Amino acid sequence: GAVVSQHPSWVICKSGTSVKIECRSLDFQATTMFWYRQFPKQSLMLMATSNEGSKATYEQGVEKDKFLINHASLTLSTLTVTSAHPEDSSFYICSARDEGINYGYTFGSGTRLTVV
Amino acid sequence: GQNIDQPTEMTATEGAIVQINCTYQTSGFNGLFWYQQHAGEAPTFLSYNVLDGLEEKGRFSSFLSRSKGYSYLLLKELQMKDSASYLCAVRDYAGNMLTFGGGTRLMVKP
């Protein structure tokens, strides 16, 4: 079956530093990947849609200069949280788009980011 | 835009049946998904409905009525491990983006 690997699974960083989260599709090619953020006891909120070889499309209210997304290949998308602040502490989840597997969406295992 | 509503919390007894409802008002529709999510983990796929009717898969069933903008997830023979959040998500007309409801936290008690 389809597998999406997300790394790291958890990270603690200091305020003002940057953190990179990787999302890889291991056994299929993903033209489109999605990045979500989830705060405690809340649902997944779409941050941006990442398309291979082009600029990401950000949802309203998401700062594209703060959350840098790169989708340089068909198997890898990265999310970099720049100048992290404590309010950026959250659970970040990626999802890869591939029709025919789970009806088109396979999720990574998530990254717990804590900014201190 | 998309507006997807689910109850915030539900409690049920082990061995019983529980129905989790989801209503949606969306600018486009191309399928509805149900996911299960345990705390600190990624969502796992449960079911997908694009046509009206009931889809059954073991202890889990999902129903869709497109004219009413309504779906439910039915869980039978509840087990303690079913305690989790259940997320309803609607795919847009272009068939690309998923929008999630707020999720329903289900607690199964002995």
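Assorted remarks:
- Highest average first, the peptides A:46-52, A:26-32 ordered by how many other beta carbon atoms sit within 10 Å of their residues are A:46-52, A:26-32.
- Spatial separation of Cα centroids for region A:47-93 and region B:74-110, in angstrom: 25 Å
- Normalised by residue number, the volume inside the convex hull of the Cα atoms of chain B is 92 Å³ per residue.
- Exposed-loop-free span, longest in chain A, where trypsin sites (Lys or Arg not before Pro) count as exposed if DSSP calls them loop and at most 16 other C-beta atoms lie within 10 Å: A:67-116
- Within chain A, A:Cys13 have no other Cys Cβ under 4.7 Å of their Cβ and so lack a disulfide-compatible partner by this rule.
- Pair-distance profile P(r), taking every C-alpha pair of the protein assembly as shown, with 5 angstrom steps and integer %: 1, 7, 15, 18, 19, 16, 12, 7, 4, 1, 0
- Three principal axis lengths of chain A [C-alpha, angstrom, descending]: 40, 28, 22
Just so you know, all these numbers are worked out from the coordinates, no wet-lab data involved. It should be emphasised that the depicted structure is a prediction, and the values quoted were computed from it without experimental measurement. No Cβ is skipped: glycine too gets one built from the backbone with ideal geometry, and neighbour counts run over all protein chains shown.
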